[in-house]
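Participant: Have a look at this one.
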Amino acid sequence: QVQVVESGGGLVQAGDSLRLSCAASGRTFSRYAMGWFRQAPGKEREFVAAITPSVYSTTTYYAESVKGRFTISRDNAKNTVDLQMNRLTPEDTAVYYCAADSTERVYYSALVRLSRSYNYWGQGTQVTVTS
């Protein structure tokens, strides 16, 4: 069983930055694919960013709406994955979820963007961006 816990959400103004952090348990964290998703009120959960396991050449993926503004990174020594969010807009307001996939498979763009590709999820952290 892998536990996933997010932190770092909050209330910010448009143009500000915020850094989310996600801690995942497990001895093989470096083999997990990690993803961030978000869900705004009245909308479906959507992919934000993902990072592949470090046992391969680590690859990052981003939704078009956040590319160039958000950066995902991982620290295998700390079992954490961060999401640095810059130039935030009110459209980024959502509950942000961290997810882990411990199944150790070959990852590719279409796969990491699917919520069903991940078998462990955090409870979410609220990000609110005011104009």
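The values are calculated or read from the model by the stated rules, or taken from the named source; none is laboratory data. All of these numbers come straight from a predicted model, not from anything done at the bench. Quick reminder, even Gly has a Cβ in these numbers, built from the backbone with ideal geometry, and neighbours come from all protein chains shown. These accessible areas exclude ligands, DNA and RNA; they are computed on the full protein's heavy atoms, side chains included. Shrake-Rupley method; radii C 1.70, N 1.55, O 1.52, S 1.80 Å.
Participant: Determine which member of the set ASN76, ASN119 is open to solvent by 40 Å² or more (accessible area, probe 1.4 Å), farther than 20 Å from ARG45 by Cα and more than 11 Å from the chain's Cα centre (by Cα).
Facilitator: Answer to the selection: ASN76.
Participant: Here's a follow-up. Of the conditions (1) open to solvent by less than 40 Å² (accessible area, probe 1.4 Å); (2) more than 12 Å from the chain's Cα centre (by Cα), TYR96 satisfies every one except a single condition; which number is it?
Facilitator: (2)
Participant: Answer with yes or no whether PHE70 is open to solvent by less than 20 Å² (accessible area, probe 1.4 Å), modelled with pLDDT under 95 and out of contact with any helix residue (DSSP H, G or I) (no Cβ under 6 Å at 6 or more places or on another chain).
Facilitator: Criteria not met by PHE70.
Participant: Separate question: Please work out which residue is farthest from THR93 (Cα to Cα), limiting yourself to segment 55-67 and to residues that are hydrophobic (A, V, I, L, M, F, W, C) and open to solvent by less than 40 Å² (accessible area, probe 1.4 Å).
Facilitator: ALA63
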